[in-house]
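The values are calculated or read from the model by the stated rules, or taken from the named source; none is laboratory data. Only a predicted model underlies this, so the values are computations on that prediction, with no experimental measurement involved. So basically every Cβ, Gly included, is an ideal-geometry build from the backbone, and we count neighbours across all protein chains shown.
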Amino acid sequence: MRPRDFIKYIQTCCAYAIERKETLISARTIKLVDRAFSNYLKGEIIDEIFPLLPEIESIFQIISKIRKQIFTGQEFSKEYKKLIDLGIVQQRNSTYVLDVLFNFSVIGNEERYHEGRLFFKYLHTNMTYNMEENIVLHRGLLKSLQII
């Protein structure tokens, strides 16, 4: 929902449409640009989160390994513990990691009583990460993390 992300997405669509000699941006172009934009978004997030979580690349690999857009905190913590045991990550608290990801809107929560109702920090600035609810990965990261 950041204006710069909308601008980047539209610029990428325009560049691809021009390359394909389209006079208008087609639905096909929008679909094809999705992966490039997802990679851009992932890079932006890595740059923003790195000072707090230098292991962000490894954390994204965990999410890729889970291979679901909606998953539980327990699923994440189980995979995160493997990285702790291997000495790959320094931060030992997986709840802290999930809280940081929530605060940067990488993940949101799925309301437990209304399946499909999602809460992301960028939509509800006063929200905090709820460990009791399912985790939802931001749609913009699905392709770059090879979820779809």
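Numbers at a glance
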quantity: So Tyr129, is it within 17 Å of the chain's Cα centre (by Cα), at pLDDT 90 or above and not in a loop (DSSP other than H, G, I, E, B); calculated: no
quantity: Close pairs (7 angstrom Cβ cut-off, 6 or more residues apart or separate chains): without any contact (Cβ under 8 Å) to a residue 24 or more places away in the chain in the range 111-126, part of a strand (DSSP E or B) and among the polar types (S, T, N, Q) anywhere; calculated: Phe119/Asn109
quantity: Every pair of residues 6+ apart whose Cβ atoms lie under 6 Å, when the first sits in the range 88-109 and is within 19 Å of Gly43 (Cβ to Cβ) while the second is among the hydroxyl-bearing types (Ser, Thr, Tyr) and surrounded by fewer than 15 Cβ atoms within 10 Å (Cβ to Cβ); calculated: Ser105/Tyr122
quantity: The range 123-148, residues that are farther than 22 Å from Lys42 by Cβ and either in contact with a Leu (Cβ under 9 Å, 6 or more places away or on another chain) or basic (Lys, Arg) (or both); calculated: Met131
quantity: Test: Phe71 is among the hydrophobic types (A, V, I, L, M, F, W, C) and under 14 Å from Leu98 (Cα atoms); calculated: yes
quantity: Flag if Val106 is among the hydrophobic types (A, V, I, L, M, F, W, C), closer than 17 Å to Leu52 by Cα and either at pLDDT 90 or above or surrounded by 15 or more Cβ atoms within 10 Å (Cβ to Cβ) (or both); calculated: yes
quantity: Tally of residues being polar (S, T, N, Q) and closer than 14 Å to Phe71 by Cβ across the range 96-129; calculated: 1
